[in-house]
Amino acid sequence: MPALCTHLYDYAAAETVPVTACNLCSAPPPFQPVADVDRYGFPVRTVQCGQCGLRFQDPQLSAAAARAFYATAYRPLVSAYHGRLINAETIQAEQAAYATQVVDGLYPWLTDWHAAVLDVGGSTGVVAEAVCHMGAAHGRRMTGTVIDPAAEALACAADRGLTTVHGTLDDAGAALAPTYDVILLCQTVDHLPDIAGTLGCLRAKLPAHGLLYVDILDTTDGPYKLDHPYALVPRTMLAYLTRAGFNVLSRRLTEDRHVAYVVVPGRHPRPRAL
């Protein structure tokens, strides 16, 4: 069992805010307690919405506290937990293997060979580059844009010839194009402070033929962790996608135990059974 890592971050001093409504169904508190400590040993309270079943932290780090956490403590904390150095340089080999899985998941649905790719939380750009290479191999002129709050990771993405935006989707504003043909939300959605808001924003940036790739770590049996304010399971992720106006083309279990979805814009009341 990994050692506790509470000495690497002062959670007690961090600013937190109470949750006033479920992010998925808007139900008000009270919420049902699920856990009062996370995998690192922090006293993070996880609750469950009695209406839709979404599990999430309450309270959550404030926006300012979350930015500070990711800027200073996140990589050292994850490195200590796993017992190995995880940074923009060391993670790229792992990301390359992961990128192969993303490409395999997208390939059957890229019949028109989409051109403009946006990777939200795209780190070093390994995945966005792989998707662009796939399109280029079929004769398309591909462009890739990566948004990430880690400047060190974005430097690697820039070296790959990708357009980079430092910060979050909320920060990007005019730096982004009106639409993108493929949007990637890879190992990112459960880190977001507002999943519903982000999915709505991405839905607006996809044309009718556009594709969104999103994956979750199924937390049916945990673990709960400070860096994931939402503990998603396939049922709640599907509800998020449906409410945001997406239809699910495919759902698959990846080699690294993530559940990956390829979805398209649509307004049908129910996605096909999966």
Check: Has segment 58-76 got at least one residue that is assigned to a loop (DSSP other than H, G, I, E, B), in contact with a strand residue (DSSP E or B) (Cβ under 7 Å, 6 or more places away or on another chain) and buried (at least 16 other Cβ atoms within 10 Å of the Cβ)?
Finding: yes
Next item on the list: Have a look at THR168, THR179, THR163, THR143 and point out the one that is out of contact with any helix residue (DSSP H, G or I) (no Cβ under 6 Å at 6 or more places or on another chain), surrounded by fewer than 21 Cβ atoms within 10 Å (Cβ to Cβ) and farther than 14 Å from ALA116 by Cβ.
Entry: THR168
Notebook entry, point to check: In segment 154-218, which strands (runs of 3 or more DSSP E) lie fully inside it and hold 2 or more residues that are among the hydrophobic types (A, V, I, L, M, F, W, C)?
Noted result: 182-185, 211-217
Check: When only residues in segment 98-109 that are open to solvent by 10 Å² or more (accessible area, probe 1.4 Å) and touching a residue at least 12 places away in the same chain (Cβ under 8 Å) count, which is nearest to the chain's Cα centre (by Cα)?
Finding: TYR98
Item checked: Residue that is modelled with the highest pLDDT, among those in segment 112-136 that are part of a loop (DSSP other than H, G, I, E, B) and closer than 12 Å to VAL182 by Cα -> ALA115
Note to self: Show the residue pairs meeting these rules: Cβ distance below 7 Å; 6+ apart or different chains; first residue within segment 193-210 and basic (Lys, Arg); second residue open to solvent by 50 Å² or more (accessible area, probe 1.4 Å).
What the structure shows: LYS205/THR179
Next item on the list: Determine which member of the set GLN32, GLN48 is within 22 Å of PRO234 (Cα to Cα), open to solvent by 70 Å² or more (accessible area, probe 1.4 Å) and touching a strand residue (DSSP E or B) at 6+ places or on another chain (Cβ under 6 Å).
Entry: GLN32
Check: THR220 is checked against (1) farther than 25 Å from GLY125 by Cβ; (2) touching a Leu at 6+ places or on another chain (Cβ under 9 Å); (3) open to solvent by 40 Å² or more (accessible area, probe 1.4 Å) and fails just one. What number does that condition carry?
Finding: (2)
Notebook entry, point to check: So, of the residues in segment 227-247 that are in a loop (DSSP other than H, G, I, E, B) and either of a type in the set (Phe, Trp, Tyr) or open to solvent by 10 Å² or more (accessible area, probe 1.4 Å) (or both), which turns out to be farthest from VAL78 (Cα to Cα)?
Noted result: ALA244
Item checked: Unmet criterion (only one of (1) of a type outside the set (Val, Ile, Thr); (2) modelled with pLDDT under 95; (3) open to solvent by 10 Å² or more (accessible area, probe 1.4 Å)) for GLY210 -> (3)
Check: Applying the selection to segment 151-175, what residues are hydroxyl-bearing (Ser, Thr, Tyr) and out of contact with any Leu (no Cβ under 6 Å at 6 or more places or on another chain)?
Finding: THR163, THR168
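The values are calculated or read from the model by the stated rules, or taken from the named source; none is laboratory data. Source: prediction; values computed, not measured. As a convention, Cβ positions derive from the backbone with ideal geometry for all residues, glycine included, and neighbour counts pool all protein chains shown. In case anyone asks, the SASA skips ligands and DNA or RNA and just uses the protein heavy atoms, side chains included. Shrake-Rupley method; radii C 1.70, N 1.55, O 1.52, S 1.80 Å.
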